[in-house]
1. Give me a count of the residues in the stretch 202-222 that are without any contact (Cβ under 8 Å) to a residue 24 or more places away in the chain and either buried (at least 21 other Cβ atoms within 10 Å of the Cβ) or in contact with a Phe, Trp or Tyr (Cβ under 8 Å, 6 or more places away or on another chain) (or both).
2. Out of Pro264, Pro225, Pro206, which single residue is in a loop (DSSP other than H, G, I, E, B) and in contact with a helix residue (DSSP H, G or I) (Cβ under 6 Å, 6 or more places away or on another chain)?
3. Residues to consider are Glu124, Glu141, Glu118; find the one that is more than 15 Å from Leu297 (Cβ to Cβ), charged (D, E, K, R), modelled with pLDDT of 95 or more and in contact with a helix residue (DSSP H, G or I) (Cβ under 7 Å, 6 or more places away or on another chain).
4. Give all pairs with beta carbons closer than 9 Å in which a residue from the stretch 146-162 that is in contact (Cβ under 8 Å) with a residue 12 or more places away in the chain meets a residue that is hydroxyl-bearing (Ser, Thr, Tyr) and more than 16 Å from the ligand (Cβ to nearest atom); count only pairs at least 6 apart in sequence or on separate chains.
5. Mind checking which residues of the stretch 164-203 are over 16 Å from the mean Cα position of the chain (by Cα) and outside any helix (DSSP H, G or I)?
6. Can you name the residue in the stretch 254-278 that is of a type in the set (Gly, Ala, Ser) and touching a residue at least 60 places away in the same chain (Cβ under 8 Å) and is also farthest from the ligand (Cβ to nearest atom) among such residues?
7. Does Met345 count as more than 16 Å from the ligand (Cβ to nearest atom), touching a residue at least 40 places away in the same chain (Cβ under 8 Å) and buried (at least 24 other Cβ atoms within 10 Å of the Cβ)?
8. Within the stretch 55-114, how many residues are more than 9 Å from the ligand (Cβ to nearest atom), closer than 22 Å to Gln334 by Cβ and either open to solvent by 10 Å² or more (accessible area, probe 1.4 Å) or not small (Gly, Ala, Ser) (or both)?
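The values are calculated or read from the model by the stated rules, or taken from the named source; none is laboratory data. Just so you know, these numbers come straight off a predicted model, no measurement behind them. Glycine gets a Cβ as well: all are built from the backbone with ideal geometry, and neighbour counts include every protein chain shown. The protein model used for the area step is the full one, side chains on, heavy atoms only, and it has no ligands, DNA or RNA in it. Shrake-Rupley method; radii C 1.70, N 1.55, O 1.52, S 1.80 Å.
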Amino acid sequence: MQEILLEKLEREKVLSRSEFITLLGSRDKALSGELFGRAGRLRERYYGKDVYIRGLIEFTNFCKNDCYYCGIRASNGKVRRYRLTPEEILGCCRKGYDLGYRTFVLQGGEDMGYGPDEIAALVESVKKAHPDCAVTLSVGEHPREVYQRWFDAGAERYLLRHETADEAHYRSLHPSSCSPENRRRCLFDLKDIGYQTGCGFMVGSPGQTFEHLAEDLLFIHKLQPEMVGIGPFIPQRDTPFGDRRAGSLELTLFLLGVIRVMLPDVLLPATTALRTIHPRGLEMGMLAGANVCMPNLTPERVRRQYALYDGKECGESGTGTENMAPEEDEEAGQREALNDLRRRMEAAGYQVTAGRGDCRRMLMR
Ligand code: SAH
């Protein structure tokens, strides 16, 4: 019977809070099948069978914040901290470019050692070396003027998950130095400046209810982001939430489908966390409505230190290539990872495509 809600969702692009709660609470095989069918048709209308790739560079794991769920939180004394130099980051981009990437995502903690000027200079040098590439930043909360500087320097996209749209829930996941108001302010500033903006949340974060998820969906409808990043919460043992349960694969896939139907032209990644909780997570994500994948271009020597959660997929190379120098070994590993992704996507009926992969909204509306 909840099929009627799906029809309404596709027509009106939003439901009421209580309808969202009903929809989430009445998930079963038939309803999911109907949802994924609708999501798949909408995805295809805007993006065909294309899968966009973005090269993810996790350039620093220093962070001044202390989010209770995150493995690189300031008070985790067990992580070895690293910070890549601009030259190293440019080196990652150069290698990525040769492999075919035309979008780079520079992600990191809120690192006081990487000031606004340095990040602006970094963006400028990536754009100068690769004018045909899009640069996405994902470095947390900053004043509007700083976001504007980075935009002027050439960053066109920004990822900042809202984490949860419920105020009390937000406060239960973060220390008092972080506020839901500021997070929201950042997202609306980013949109207003003109960034292709991405929000998102973890599925199954500690204390999360269907009521909270309904708020998340309403928030997404209000913000109208160009990108939405969602993935299951996965505990990290050295955090306060180290003994909590991971989020559900099935609920994550269902939410991917719902978001695709709400925002048919959204850029929706099948995230690393999804792949971490299930070996076929990427394929399943695509079948649920995702159309983006973000392979990791972070140098292997530090990759393990960007430990947001336990068991994070590191895509390590280094097997059977003992005659190669480490550099070549690493490039071979990244090439192999990309070929593996291509094969998997083709087997699932999709094709990895080159290009910047911008949001279709501007073109089709
Ligand atoms: N400092 C940046 C980047 C944060 S890391 C920022 O604030 O945006 C990127 C995302 O990883 C976070 O937004 C969070 O949703 C997710 N993440 C962090 N810890 C996680 C965990 N234990 N399980 C799953 N996802 C997690």
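1. Selection size over the stretch 202-222: 0.
2. Exactly one of Pro264, Pro225, Pro206 is in a loop (DSSP other than H, G, I, E, B) and in contact with a helix residue (DSSP H, G or I) (Cβ under 6 Å, 6 or more places away or on another chain), namely Pro264.
3. Result of the check over Glu124, Glu141, Glu118: Glu141.
4. Arg157/Thr103
5. Ala165, Asp166, His174, Pro175, Ser176, Ser177, Cys178, Ser179, Gly194
6. Ranking the candidates gives Gly257 first.
7. no
8. Total meeting the criteria: 29.
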